[in-house]
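**Student:** Pasting a structure below so you can have a look.
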Amino acid sequence: MEEDKTFLKVEEINKNFGGVAAIVRVSFSLDKGELLGIIGPNGSGKTTLVNLLTGFVKPDSGTVIYQGRNITGKMPYKIAEVGIARTFQMVKPFYQLSAFKNLIIPLYSSRVKKLRGGKYGDRDDVAIDLLEDVGFERDSFVPYKIASSLPHGYLKRLELARCLALRPDLLILDELFSGMSMSEVASTLPIIEKLNGEGLTIIMVEHRLKELFRIAHRVIALNFGAKIADGPPREMMENEAVKAAYLGSEEED
Amino acid sequence: MLPSIIIYGLVNSVILALIAMGFSLTFGISGVANFAYGGFYIFSGFLVWMLLNYLKFPFILAIIVTIGVVGLLGFVTYWVILLRVRGIPLSEVIATFALGVGILELFRWMGFVTYEFTLPYLKKGMIMIVGVPLDYQRLFIIGIGLALVLFLYFFTHYTRIGLAFRGIAQNERTAISLGIKSDRTAALSLAFGSAMASVAAIVILPLGIISINIGYEVLLVAVAVGIVGGLESVPGILVASLILGYAQIITGTYYKPEWMMVVYLAAIVLVLAIKPSGLFGKFKELEERV
Amino acid sequence: MKFRKERLDRGIKARCEDIFALSSYREILYLMFPRVVPVLILLILPLLQGVIGLYWEKVLMITCVIALLALSWDLMAAVGLISLGQALFFGSGAYITGFLNYTFKLPPILTIPLGTLGGALFSTLLLLPVMRLRGVYFAIVTLTMPLLLARFIETTKILGGTEGMSALSSLPNIWVELYVPVFALLICLFGFRRLINEDYGLVLQGIRDNDRAVMSGAINIYWFKAQAVFIAGIAGAFAGAFMTHYYRFVGMPAFAMDYSILPLTAAVLGGVGTFAGPTIGAFILIPLSELLRAVGTLRVVFYSVILIICVVGLPEGIFHYIRRKYHQFERMVDVG
């Protein structure tokens with residue numbers, strides 16, 4: 001058997017929820033450094049797919065191979081440990097903690113300890129640096145504010161920072177831009193581009209197609225749990241099946 | 001031997017099912033914690049006893065009054081205690097548990113602990129089935145138990161109130177937006193569950209004396225059956241009761257009778273390790289595991 | 001004239017928010033007072049035997065024991081595990097200690113630490129399969145554990161069965177009897193508070209508030225839950241181990257409902273999550289219940305009532321109220 005160099009390989013994943021086919025025989029692969037977009041109307045199974053990849057839901061059948069290792073159905077923390085970080089659509093930070101304290105927890109994990117050579121730098125400083133990377137103004141009070149007092153856009157960026165704290169090799173963003181204002185999206189997009197440019201492999205589930213198509217290398221479209229298209233962004237825009245899938249459901253901007 | 005095991009196993013299973021049903025209706029099906037269940041069970045027994053012995057009520061009247069009173073007690077418990085802590089499941093558990101303990105220990109303090117506290121059989125006498133003697137009371141238990149299981153199933157799947165019970169457990173907001181009065185439904189569910197507890201008590205307690213510790217055991221049984229079968233599933237209750245009931249009788253007959261209790265512990269631990277949502281439980285799985 | 005109630009931080013508290021608090025005696029005293037005074041009181045009480053009487057000294061000891069159980073409850077609650085069966089820890093520690101002393105004639109100085117560790121280990125292992133469950137279901141199973149274990153002992157007649165094991169070694173002297181629980185209490189109280197305030201404690205509370213997020217942060221939440229239960233188990237099992245040698249007996253009553261309800265009530269009364277709260281709760285509840293000793297088992301009814309009232313009416317507990325009063329003052333302000 002020749003060794004498969006594909007970064008991420010998803011084969012024939014299936015998931016049924018009590019009679020409802022959420023994901024039907026989805027397969028795709030991902031190369032290192034790619035930025036893959038996942039689109040589809042509401043209910044097409046995008047978040048379920050993310051859950052399947054990250055261990056929050058176990059597939060009924062199929063495999064997920066990551067860097068040559070089979071991670072199908074493993075526990076979420078194990079998957080995070082091998083370097084896959086994901087955001088949650090419904091942002092739920094630790095509300096009573098300040099923004100930077102929110103990051104302490106992933107910084108406490110054994111993965112981060114290992115990556116930093118076993119010795120621990122000051123977690124608080126690392127947290128503040130991370131927040132700066134995602135656009136929190138460093139010399140202001142914002143990183144120290146309690147999470148419950150931060151506006152939604154900041155919370156989404158906090159989610160991003162939480163993922164980055166893990167020093168992931170694969171970043172999965174589940175509708176990061178939803179609920180963000182135009183200017184917030186405009187300031188966050190370059191951050192993602194930069195991360196990808198530095199070599200971080202990214203999967204982005206998005207509804208905001210305009211922004212996604214600008215930075216994605218390749219896009220997959222889902223409808224009713226099945227993959228209906230797979231190709232570069234400009235192909236997606238011409239694809240009849242994709243257009244038909246979105247007709248009838250409102251595009252959210 | 002075998003027919004005896006089959007029949008008494010069935011009786012035991014139905015007893016377990018009867019005990020578990022009221023609890024599952026409130027907690028498993030409607031999502032309202034009722035850990036005063038054991039307290040209500042014993043309270044029903046003592047209430048019937050007091051009505052019979054102090055007020056000299058006729059049996060039928062005592063039964064009807066008790067079921068009504070306990071149902072009402074459940075209803076009131078919701079409004080007085082649970083209303084304020086609704087939605088904080090742990091506070092619900094603690095508050096109702098405290099209520100149950102309070103009721104039980106109150107009776108213990110009042111001295112309701114001697115052998116005179118028994119309930120009469122519904123009808124004396126017995127019949128022979130396949131060479132096995134079976135008294136009418138146990139026959140009644142089987143009959144009423146199975147009838148209640150059927151009733152519960154149809155009630156929660158086909159009647160408006162029953163469906164409302166299930167609705168508020170699954171998604172309270174949706175239920176409210178569909179016009180279901182969440183609080184009143186929950187209170188009704190508590191009332192129904194408590195009433196079922198009293199029905200179970202009235203048929204089962206005559207088999208022995210009304211002992212306060214039974215109150216705690218009842219909770220244990222209800223929980224065990226719920227965990228094994230899946231708290232929100234009526235078929236699950238039945239199957240779990242059959243499994244536990246027969247397991248108990250078999251260990252009691254071939255092993256030692258005292259080991260019957262250990263069956264519960266083993267069953268709970270086993271189920272939790274393998275399939276935490278129970279044999280028939282479905283949607284709880286996601287929430288429980290992760 | 002319309003009035004509005006206003007709450008302000010006391011001037012001195014505002015000054016104490018930073019390291020500069022160390023610059024003046026007044027601020028230092030303000031910070032130290034609520035911490036040092038209770039500790040001093042606790043340390044001095046055992047010495048006042050002549051004044052208070054031996055009976056109340058024994059009450060002090062029992063209070064410390066229950067406070068330990070309440071602390072262990074609070075630690076588990078901090079990680080999101082609500083236990084209705086603290087008696088599990090107490091009984092496990094008690095039985096292992098009793099067993100070691102009865103069978104192997106080991107002295108208390110050995111049996112108590114071994115019983116503590118063994119009891120904590122045993123309880124943690126027993127609760128391991130249950131930790132995956134959501135809070136409520138966990139609570140239900142913890143409720144049944146002590147009952148089941150007591151039944152198990154009753155039916156299998158091991159470890160003394162219904163008679164228990166008696167004529168165990170006693171503790172050397174009254175000073176040991178009083179000071180050991182006091183020290184254990186102080187160590188656990190300040191130790192747990194320290195733990196919760198460190199990053200480790202943040203992880204634990206994170207598991208309680210949002211375990212999904214913690215898990216996606218590459219942290220094995222089940223391992224951390226197990227750790228928390230074990231540490232809580234140490235406190236609880238110690239309580240049982242100690243009392244075994246005080247009573248010189250261990251039997252099924254070691255798994256009694258009292259040891260589950262009392263710590264729970266103390267914690268809810270005092271204020272969940274603060275560690276100081278449950279301690280205060282225990283120090284209010286136990287002496288009070290001793291005064292009610294005359295009414296026998298009605299005491300349990302009394303606890304139940306308090307529990308219900310607290311859960312429903314005063315969910316934050318007494319400690320929060322006291323702390324608020326200490327740090328803030330209220331006044332009516334005229335808003336015309």
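**Student:** Could you let me know the centre-to-centre spacing of the stretch A:37-71 and the stretch A:79-108, using Cα atoms, in angstrom?
**Tutor:** One Cα centre to the other: 20 Å.
**Student:** For the ranges B:120-130, B:159-169, what's the packing order if you count other beta-carbon atoms within 10 Å of each residue, average per peptide, and put the highest first? Write out the running numbers ahead of the final one.
**Tutor:** Numbers: B:120-130: 11.7, B:159-169: 18.3.
Answer by packing, highest mean first, reads B:159-169, B:120-130.
**Student:** Output the antiparallel fraction of DSSP beta bridges having both residues in the protein assembly as shown, as a percent to the nearest 5.
**Tutor:** Close to 70 percent.
**Student:** With an 8 Å Cα cut-off and a minimum separation of 6 or more residues, compute the relative contact order for chain C in percent. Mind dumping the intermediate values first?
**Tutor:** Values: 512 pairs, mean separation 110.5, N = 336.
Rounded, it is 33 percent for chain C.
**Student:** Computed FRET efficiency, Cβ-Cβ of residue A:82 and residue A:31, R0 22 Å: what is it to the nearest 0.05?
**Tutor:** Numbers: r = 18 Å, r/R0 = 0.80.
Efficiency at R0 = 22 Å is approximately 0.80.
**Student:** Please say if the stretch B:154-216 is rounded, prolate or oblate, where rounded means a/c under 1.5 for a ≥ b ≥ c the square roots of the C-alpha gyration tensor eigenvalues, and otherwise the choice is prolate for a/b larger than b/c and oblate otherwise?
**Tutor:** Cα axes put the stretch B:154-216 in the prolate bin.
**Student:** Okay, moving on. Which value, in debye to the nearest 20, describes the size of the charge dipole of the protein assembly as shown about its Cα centre when Lys and Arg Cβ atoms bear +1, Asp and Glu Cβ atoms bear -1, and nothing else is charged?
**Tutor:** Roughly 1360 debye for the protein assembly as shown.
**Student:** Another question, then. Pick from C:308, C:62, C:286: which residue has the top mean-square fluctuation in a GNM of chain C where Cα pairs under 10 Å get a spring?
**Tutor:** Result for chain C, Cα springs under 10 Å: C:308 fluctuates most.
**Student:** Here is a follow-up. Only Cα pairs within less than 10 Å get springs; with that Gaussian network setup on chain A, which residue of A:122, A:174, A:60 has the largest fluctuation?
**Tutor:** A:122
**Student:** Just to confirm the number: angle between the C-alpha axis of helix A:152-164 and the first principal axis of chain A, 0 to 90 degrees, nearest 10?
**Tutor:** 90 degrees
**Student:** Where nothing but the Cβ of Lys and Arg (+1) and of Asp and Glu (-1) is charged, how large is the charge dipole of the stretch C:3-256 around its Cα centre, in debye to the nearest 20?
**Tutor:** Around 340 debye, computed over the stretch C:3-256.
**Student:** Quick check for you: which residues of the stretch C:302-336 have the amide N under 15 Å from the point 7 Å beyond the Cα of residue C:2 toward its beta carbon?
**Tutor:** Taking a point 7 Å out along Cα→Cβ of residue C:2, the residues of the stretch C:302-336 whose backbone N falls under 15 Å are C:333-336.
**Student:** Please average, across the residues of C:198-206, the number of beta carbons from any other chain that are within 10 Å of each residue's own beta carbon, and give a whole number.
**Tutor:** Taking the mean over all residues of the peptide, I get 4.
**Student:** List every residue whose amide H lies under 5 Å from the amide H of residue A:222, counting only residues 5 or more places away in sequence or on a different chain, with H placed 1.01 Å from N in the peptide plane.
**Tutor:** A:39, A:40, A:228
**Student:** Which of C:255, A:177 comes first, and how do the rest follow, when ranked by fewest Cβ neighbours within 10 Å?
**Tutor:** By the 10 Å Cβ count, ascending, the order reads A:177, C:255.
**Student:** May I ask for the Kirkwood hydrodynamic radius of the protein assembly as shown, worked out over all distinct Cα pairs and given in angstroms to one decimal? Don't jump to the answer; show the numbers that get you there.
**Tutor:** On the way: mean 1/r = 0.0330 Å⁻¹.
Averaging 1/r across every pair of different Cα atoms and inverting gives 30.3 Å.
**Student:** Take the Cβ-Cβ distance between residue C:26 and residue C:179 as r, set R0 to 35 Å, and report the resulting FRET efficiency rounded to the nearest 0.05.
**Tutor:** Working from the Cβ atoms, E equals 0.60.
**Student:** At a 10 angstrom cut-off on C-beta neighbours, averaged per residue, how do the peptides A:103-109, C:199-205, A:84-90, C:239-245 rank from highest to lowest?
**Tutor:** Per-residue Cβ counts within 10 Å, averaged per peptide and sorted highest first, yield C:239-245, A:103-109, A:84-90, C:199-205.
**Student:** Taking each residue of C:216-229 in turn, how many C-beta atoms of other protein chains fall within 10 Å of its C-beta, and what is the average?
**Tutor:** On the way: counts 18, 19, 21, 11, 8, 4, 2, 2, 2, 0, 0, 0, 0, 0.
Other-chain Cβ atoms within 10 Å of each residue's Cβ, averaged: 6.
**Student:** For a protection proxy built on the mean count of beta-carbon atoms within 10 angstrom, sort C:28-37, B:180-189, C:95-104 highest first, please.
**Tutor:** Details: C:28-37: 12.5, B:180-189: 19.2, C:95-104: 23.0.
Order by mean packing, descending: C:95-104, B:180-189, C:28-37.
**Student:** Considering Cα pairs under 8 angstrom that are at least six residues apart, work out the relative contact order of the stretch C:46-162 and quote it in whole percent.
**Tutor:** 26 percent
**Student:** Quick one: of A:32/A:101; B:275/C:225; A:74/C:225; A:113/C:225, which pairs are farther than 23 Å apart, Cα to Cα? Before the final figure, lay out the partial values.
**Tutor:** Details: A:32/A:101 31 Å; B:275/C:225 20 Å; A:74/C:225 19 Å; A:113/C:225 20 Å.
Exceeds cut-off: A:32/A:101.
**Student:** Given springs between every Cα pair under 10 Å in a Gaussian network model of chain C, which of C:307, C:133, C:68 has the largest fluctuation?
**Tutor:** With Cα springs under 10 Å in chain C, the top fluctuation among C:307, C:133, C:68 is at C:133.
**Student:** If you don't mind, there's one more thing I want to ask. Do you know the relative contact order of chain B, to the nearest whole percent, from alpha carbon pairs under 8 angstrom that are 6+ apart?
**Tutor:** This gives 34 percent for chain B.
**Student:** Another one. What average count of beta carbons from other chains do you get within 10 Å of the Cβ of residues in C:141-147? List each step's numbers first, then the result.
**Tutor:** Values: counts 6, 0, 7, 11, 3, 0, 8.
Other-chain Cβ atoms within 10 Å of each residue's Cβ, averaged: 5.
**Student:** Can I ask one more? May I ask for the distance between the Cα centers of the stretch C:191-254 and the stretch C:93-151, given as a whole number of Å?
**Tutor:** Distance between centres, Cα-based: 13 Å.
**Student:** So what J values fall out for the stretch B:62-67 if you push phi through Karplus, 6.51 cos²θ - 1.76 cosθ + 1.60 with θ = phi - 60°, rounded to Hz, Gly and Pro as x?
**Tutor:** With coefficients 6.51, -1.76 and 1.60, one gets 4, 4, 4, 4, 4, 4 Hz.
**Student:** Can you tell which of B:208, A:247, C:102 lies farthest toward the positive end of the dipole of the protein assembly as shown, using +1 and -1 charges on the Cβ of basic and acidic side chains (Lys, Arg; Asp, Glu)?
**Tutor:** B:208
Read-outs: derived from the displayed coordinates by stated rules, not from any lab. Values in this document were obtained by computation on a predicted structure and should not be read as measured data. Don't worry about glycine lacking a Cβ; one is built from the backbone with ideal geometry, like all the others, and counts go over all protein chains shown.
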